[in-house]
Amino acid sequence: MVKVDIRDGNVEKALKILKKKIAREGVLSVLKKKRYYDKPSVAIRKKVAKATRRRRRRFKRMRRYLIS
């Protein structure tokens, strides 16, 4: 659970800190994923696509260091 203390009555700053903490923990992304039901086959396809994107990004970064 995310907690934020309000100091000196500064609610705007506390809200900003709360939003950062929620984004860092990935609470919103989990809620978006669980909003609708995905069939198991669709979930596997999404998982494979995400892994492929991650792998391509990693190779692109590695290639940049190898060429330089």
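Which number in (1) at pLDDT below 90; (2) loosely packed, with under 10 Cβ neighbours inside 10 Å marks the one condition that residue 2 misses?
Result: residue 2 fails condition (2) only.
Does segment 26-38 include one or more residues that are more than 30 Å from residue 4 (Cα to Cα) and without any contact (Cβ under 8 Å) to a residue 40 or more places away in the chain?
Yes, there is a match, as at least one residue in segment 26-38 is more than 30 Å from residue 4 (Cα to Cα) and without any contact (Cβ under 8 Å) to a residue 40 or more places away in the chain.
Among the residues of segment 1-32, which ones are over 17 Å from the mean Cα position of the chain (by Cα) and of a type in the set (Asp, Glu)?
5, 8, 12
So which residues in segment 11-61 are among the hydrophobic types (A, V, I, L, M, F, W, C) and not assigned by TED's automatic domain parsing to the domain that holds residue 1, if there are any at all? Explain how you work it out, then say what you get.
Kept after step one, since they are among the hydrophobic types (A, V, I, L, M, F, W, C), are these residues of segment 11-61: 11, 14-15, 17-18, 22-23, 27-28, 30-31, 42-44, 48-49, 51, 59.
Correct list: 42, 43, 44, 48, 49, 51, 59.
When you go through 24, 58 one by one, which is the residue that is surrounded by 10 or more Cβ atoms within 10 Å (Cβ to Cβ) and among the charged types (D, E, K, R)?
Values: 24 fails: surrounded by 10 or more Cβ atoms within 10 Å (Cβ to Cβ).
Only one candidate qualifies: 58.
The values are calculated or read from the model by the stated rules, or taken from the named source; none is laboratory data. These numbers come from a predicted model, not from an experiment. A quick note on method: Cβ atoms are made from the backbone with ideal geometry, for glycine too, and the neighbour counts reach across all protein chains shown.
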